[in-house]
1. Assign one of three labels to the protein assembly as shown, namely rounded, prolate or oblate, based on the Cα gyration tensor with a ≥ b ≥ c the square roots of its eigenvalues; rounded applies when a/c is under 1.5, prolate when it is not and a/b is larger than b/c, and oblate otherwise.
2. Once you average over the residues of A:218-226, how many Cβ atoms of partner chains fall within 10 Å of each Cβ?
3. Taking a ≥ b ≥ c as the square roots of the eigenvalues of the Cα gyration tensor of the range A:85-300, is the shape rounded (a/c under 1.5), prolate (a/b larger than b/c) or oblate?
4. 222 nm [θ] for chain A, helices only, -39500 (n - 2.57) per DSSP H run of 4+, per residue, to 500?
5. What share of the DSSP beta bridges in chain B is antiparallel, in percent to the nearest 5?
6. Calculated FRET efficiency, A:Ala8 and A:Val110, Cβ-Cβ r, R0 45 Å, to nearest 0.05?
7. When B:Val47, A:Val136 are ordered from fewest to most other Cβ atoms inside 10 Å of their Cβ, what list results?
8. To the nearest 0.05, how large is the calculated FRET efficiency for B:Leu65 and B:Gln235 if R₀ is 22 Å and r is the Cβ-Cβ distance?
Amino acid sequence: MLRLLIWARDFAFLLVATMTVLFFLVRLAGDPAIMLAGPDATPAQLDAVRQAYGFDRSLIEQYLIFASHMVRLDFGTSLADGMPALDKVLDTYPASLFLAVMAMALNLAVSIPVGAWLGQERGGAGRRLARGFISVMQGFPGFVLALLLVNLFAVGLEWLPSVGYAGPASWVLPVVSVASFLAPKLIRVVEANTAAAYRSHYVRTAVAIGTGPRTILWRHVMPNALLGATAVVGAEFAFMVTGLVVIETIFAWPGIGWLLVRSTLNLDFPVVQAIVFIIVIAVFLTNLATEAVQMRLDPRLRGPGAAGGANG
Amino acid sequence: MNGPVNDTPILAIRDLQIDAVPAGGAPRRLVDGVSLSVAAGEVLGIVGQSGSGKSLSAFAVARLLPDGVRLAGGSVHLGGQRIDDLDEGRMRALRGGRIGFVFQDPLSSFNPVRTIGSILIESIRRHQRLDAKSARTLAVEMLARMRLPGKDACVDAYPHQLSGGQRQRAMIALALANGPDLLIADEPTTALDPTIQLQILALLKQQTAGRASILITHDLSVAAAICNRIAVMHQGRLVESGPAAQVLTDPQHDYTRSLLRHARLAPAATGEA
């Protein structure tokens, strides 16, 4: 219960602080009235627009109005098309979350077995080759990799569509691009944790009771190695729920990252504010979920419990 | 002059050689020419400072050696049967079965995300044909015999929920779960508080009856508390061995004498406990 209150307090503070800073930042970015009225508008027309949207009031006044509306989840309407800002965000977010979940699933499916395999032994030509490849991958910026994949599979071989969000074939390149960006880091962490577990005293105990290599891997090493990897998985997922701006732009993926770019360029700040509001909530929930998974996996985080009696 | 109980030793190590084999480097000898034997009912103390090869020599019995360390020569017999050349599968059947181990640090030696009972049950089911329920019953029985508290004797406790002494009791239960002929305890009291050390030593002494036991320690007073015979190792070699009383009262080697001066537990506490 106390824990829940602390979470709620942290969450409220984070949300208010972020939204406040954001409010003043976007007002520094430019004059939305010019965007709305068009470049040829007369000063009188601009004034009319400012009055209509309330831009003529003082910043503090505007902030208080914004804040009182935000409490009711009202972010106003998009300056671009008049649609409710929050609706626009909620319409596009599923595409982003879909990309994030698919990319994470692929990332886990590749990184855990590969990391576990690499962590089992140091030597061997296969492992050395894999490690070299992962190092190279790790040095690649995500967008370069995405462009290379597009060039090869969409432009060159013409196997897959390069843009859009229409059916499984169009998902392949974006999902693979994001997963290849995430995987090297996770592989490294799983490898390091697997190797550490193999060197641990509890694995020596398992050997000393006659446990075979397969049980040692699955029942002794991996539970500990994955426990160490959950923080990275959580961080990677939190990074993705903030919107994969570059990837969504390259693939014209109709997600929140793509919407964020367009809205920012158009000074469509109701939409920008709604996006950030949703992102803050998503990141917070991701961290909460990560913590819950860690508690589930690690009995030490669940508190001392009541198993022991007197010392001795 | 050797064992008080039986002429055929349970364990016989002859001319043991252990090498460190670094990747791409020349092998380095860590243990050289160690011969030891332990009879049923006998507790052999192997004493020496860290790096003396005492733990390696004992662990080599079940080929429980770290990466990059290997048996380079000599022979190991258990109950008259040669075991150092067994394949891995047969050796695995001995580990935890006929040979039980107690390690120094019971916290790091228990898997942090597994319950004490699950490890015990894993060992019991590996070596005895028991269903899950009977294995659990036996696990509770073993833990209760080592005086772990509670109705279920902490069988469902995670290692961090127990005290240091309780964890070491659980470790001893694990070592004895399948009724081993040979018990090897590596610094079993070093990580514990002094008062708990004496309790654990008393428990070990009680549990060594009828089997062959090896107690590895850097502390002669710990060996004095429960060992019939003491072997002193220094820089990979055996420098002195004999009945405990003789080694303790009339040490022949300078190194043994210096160990005696540094014995930790007070003599009053270490007499025949």
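1. prolate
2. 2
3. Oblate, because a/c is 1.5 or more while a/b does not exceed b/c.
4. On the way: 13 runs with 221 residues, N = 312.
Taking each H run of at least 4 residues, the total per residue is -23500 deg cm²/dmol.
5. On the way: 24 of 43 bridges.
About 55 percent, rounded to the nearest 5.
6. With a Förster radius of 45 Å, E is 0.75.
7. Arranged by neighbour count, lowest to highest, B:Val47, A:Val136 become A:Val136, B:Val47.
8. The pair B:Leu65/B:Gln235 has a calculated efficiency of 0.75.
Every number in this text was worked out from the coordinates using simple rules, so none of it is lab data. If you're wondering where the values come from, they're calculated on a predicted model, not measured in any experiment. When we count neighbours, we look across all protein chains shown, and the Cβ atoms used for this are built from the backbone with ideal geometry, even at glycine.
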